[in-house]
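To start, the structure itself, in structure tokens.
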Amino acid sequence: MEIIILKDYDSMCKYAARRIISLVNSKPDAVLGLATGRTMVGVYKELVDAFKRGEVDFSLVTTFNLDEYLGILPNDPVSFRYFMEEHLFKHINIPRENIHIPYSLANPPTKESEEYERKIKEAGGIDLQLLGIGRNGHIGFNEPTSSFSSRTRIKTLTEKTLKDNFPDGNGPKYAITMGLGTIMSAKEIMLLASGESKAEAIAKSIEGPVSTSTPASILQHHPKVAFIVDEKAASLLKNKAYYNWVWKNKERAESGHVYKKGLVRVETPSRICLFGEHQDYLNMPVIAAGINLTMDITAERLGEKKVDFYLSDFNTSKRFELNFPLKYDEERDYVKSAFNVLKREGVNIDWGVRASVSSTIPVNAGASSSSALVVGIIKLLLELANDKRKNSPKDIAEWGFKVEVAEFNEPGGKMDHYSCAYGGVLYLDFAKEIVEKLPVALSGFVLGHSLQPKDTKGTLRRAKEAQIEAIKKLKEMKPDFELGKNSFEEMEDFVKKLPKELRDYGEAAIKNRELTKKAKELLLSENFSEKELGKLLFEHHSILRDKLKLSTKVIDKMLSEAMKAGALGGKINGSGGGGTMFVYAPGREEWVKEAFEKMGKPAYILKIGEGTRAFYY
């Protein structure tokens, strides 16, 4: 339970609106439970102003109002529908069919109550319920003695509520309202209160016993509720100073101020390969993107030359003394390799490190967790050494390739390391030494994990060697052949003459390069089309599946289910043979995520992430 005490009504409204906007921006199809009353006027004004400034889009939002009077016309100025239209709905871009308010002339009203509950359930439940509070502690029209398990139903209003709402005594005596059980089913609740008249109700709701005599007191049992009140409404709280202290320090903790002074934290993104999968080791262009699944390393520099890396996800530690050159005691000893490579590159490492590594990246799943680890270690060591190259993503990426690939004679390329070091959407052409951050704002990607184990090394080696051999034979037949220039149309007859086992690999090498070119043109076009991007992604997947034999039945099924859920296209991610895949589903991310999870597969809604970066405490 959060108790947030703000200076005045305006501050309270601005804060509440920011939380609503944050939810809608992170989940465009959010389901909001809305309330009416004088307290809400300022909140809705802030939302309307933010919409007009282009800061929030309500086009996919669904709303359910808390309550409505019975027996009056829906367009009566007294009705809550009229209130919502005047203060919010007619000023924003919410579709009319997404607005739900109990029908004031329902006959019989009990049927309307049941139907309202059904609609809330069909919408997936309420993500955020907004509440006011009456002077007697009622929320919605759940007056004192209302059952804590009640659902949407008809209520007779108390004399106190009627007097507060209709001083002249001429108002509706009945209402249809969400029940306390309905309200408590919301994933998150925000209750707002302003003014001295609400102080007693707030004190009883927060600090009093949970009792039906104060309906709002049930909120003490909700796992995620925030009471947002101004100073006057908080005036009777006995523990006001404590609530302020908790709120202040909660903000500090969420801002990362709990760390011991002197610690350094390095955050490194993983990546998805949009186009050019299995092309970087052929020195062909690729388009990749850093994403918001990250490898985090928090560390401190030691005076003694000892290294202690704690891998929290595996509950294991790697410890050794710094006696260069370090001998590898694992097949892919990336921690020691990073120290060796940087030492050879002239980085002054005459100190030790104590570090903890954690990650949100699926491991051995084609999401470049190992590259993110390597790039993160390099960034960390450069920061601890205060080496001027710590701010050079190019140096970090090149050394990442040496640490992970060259040092162990692996078959991979540099795409992963550049994506982790630079972040953003990257066009990479290593043959021409081009590293270009594309000025595009992409979103709508969902990563799905097949949970199928991968043989990354074996898959890479097979695809790489076969494609290189096919290209070699094409050059023998056509000496002026260049993979980066000749089209498949020009080379089709030559591809048909390749040995049967190499034909698909030769075709894939040429067609994938052509797709990358088309994709870059589309991404930079003024006539960018989401549908066309989805189509190109699926075309790329088809080549990887049919020609390079990199997909699996499980991944193809996941892609099929995602398309049914509204995805526009997608592909396998990484070397293939299992692991992860991703789809492009702008505006349908939650539906696709749910489709994956129904299959028992972990799913992640992605955002384009920044390159590796350091934070000091």
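The values are calculated or read from the model by the stated rules, or taken from the named source; none is laboratory data. Bear in mind that the values here come from a model prediction, so they are computed numbers and not experimental data. We place every Cβ from the backbone using ideal geometry, glycine too, and count neighbours over all the protein chains shown. Side chains are part of the model used for accessible areas, which takes the heavy atoms of the whole protein and leaves out ligands, DNA and RNA. Shrake-Rupley method; radii C 1.70, N 1.55, O 1.52, S 1.80 Å.
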Task: Residue-span extension gain [E207 to E489] - 0.36 nm each, minus C-alpha spacing - done: 93.9 nm
Task: Percent accessible area from carbon and sulfur atoms, the chain, protein chains only, probe 1.4 Å - done: 49
Open item on the list: Between E410 and E321, what is the label-point separation in nm under the 7 Å Cα-to-beta-carbon projection?
Closed with: 3.0
Open item on the list: Within 10 Å of each candidate Cβ there may be at most 12 other Cβ atoms; applying that plus a DSSP loop requirement, which trypsin sites (Lys or Arg not before Pro) in segment 290-337 survive?
Closed with: K327
Task: Relative packing of peptides 234-245, 207-218, 518-529 - highest average C-beta neighbours within 10 Å first - done: 207-218, 234-245, 518-529
Task: Residue-wise HN-Hα coupling along segment 105-116, computed from phi with Karplus coefficients 6.51, -1.76, 1.60 (Hz; x: Gly, Pro) - done: 10, 4, 9, x, x, 5, 5, 4, 4, 5, 5, 5
Task: Whole-Hz couplings from phi, Karplus 6.51/-1.76/1.60, listed for segment 183-199; x for Gly and Pro - done: 4, 5, 7, 5, 5, 8, 10, 10, 10, 10, 8, 9, x, 5, 5, 9, 4
Task: Among beta bridges that DSSP assigns inside the chain, antiparallel share in %, nearest 5 - done: 70
Task: Karplus-derived 3J(HN,Hα), 6.51/-1.76/1.60, for each residue of segment 401-417, Hz, glycine and proline x - done: 4, 5, 5, 8, 9, 4, 4, 10, 6, 8, x, x, x, 9, 3, 4, 5
Task: Two-site FRET efficiency, E2 against N75, from Cβ-Cβ distance with R₀ of 41 Å, rounded to 0.05 - done: 0.65
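Per residue, how much accessible area does the chain have with a 1.4 Å probe, in Å²?
45
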Task: Loop GluC sites (Glu not before Pro), segment 269-368 (other Cβ atoms within 10 Å of the site Cβ: 11 or fewer; DSSP) - done: E304, E330, E331
TODO: Just subtract the alpha-carbon distance of Q452 and E526 from 0.36 nm times their residue separation and send over the number in nm, one decimal.
DONE: 22.7 nm
Task: Contour minus Cα-Cα distance for D480 and R18 (0.36 nm per residue) - done: 160.2 nm
Task: Within segment 316-417, chymotrypsin sites (Phe, Trp or Tyr not before Pro) in DSSP loop having at most 13 other beta-carbon neighbours inside 10 Å - done: none
